[in-house]
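One structure below.
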Amino acid sequence: MCDGLELKRLLSLYYSKEEVIYVSSLLISWSSNSQEALNWLNKPIPAFEHMTAIEACEKGLSEHILTYLKQIENGGYA
């Protein structure tokens, strides 16, 4: 089981400290726990041609993932 540190460590590869806090908090609030949030990062996202969030970040699209999450948070379609 992930205690949140693994999630934050992974996110810190692609985001600033403030963004890590924002993204991890947001994902955990949407899921049941930090492990589920971590799992979400590794699930294909149709809006990103079925890349995972991690794959998108590895391709330099971390800002796009951040925008995507903000749009969902504001009631946009995922």
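The values are calculated or read from the model by the stated rules, or taken from the named source; none is laboratory data. If you're wondering where the values come from, they're calculated on a predicted model, not measured in any experiment. Cβ coordinates were reconstructed from backbone atoms using ideal geometry, including for glycine residues, and neighbour counts include every protein chain displayed. SASA here: full protein model, heavy atoms, side chains in, ligands and nucleic acids out. Shrake-Rupley method; radii C 1.70, N 1.55, O 1.52, S 1.80 Å.
Structure above, values below:
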read-out: Ala37 open to solvent by 50 Å² or more (accessible area, probe 1.4 Å), of a type in the set (A, V, I, L, M), out of contact with any Cys (no Cβ under 6 Å at 6 or more places or on another chain) and part of a helix (DSSP H, G or I); value: no
read-out: Any hit, the stretch 54-65, residues being of a type in the set (S, T, N, Q) and in a loop (DSSP other than H, G, I, E, B); value: no
read-out: Test: residue in the stretch 8-26 that is without any contact (Cβ under 8 Å) to a residue 24 or more places away in the chain, at positive phi and either more than 10 Å from the chain's Cα centre (by Cα) or assigned to a helix (DSSP H, G or I) (or both); value: no
read-out: The listed residue being surrounded by fewer than 17 Cβ atoms within 10 Å (Cβ to Cβ), among the hydroxyl-bearing types (Ser, Thr, Tyr) and modelled with pLDDT of 95 or more, out of Ser12, Ser62, Ser29; value: Ser12
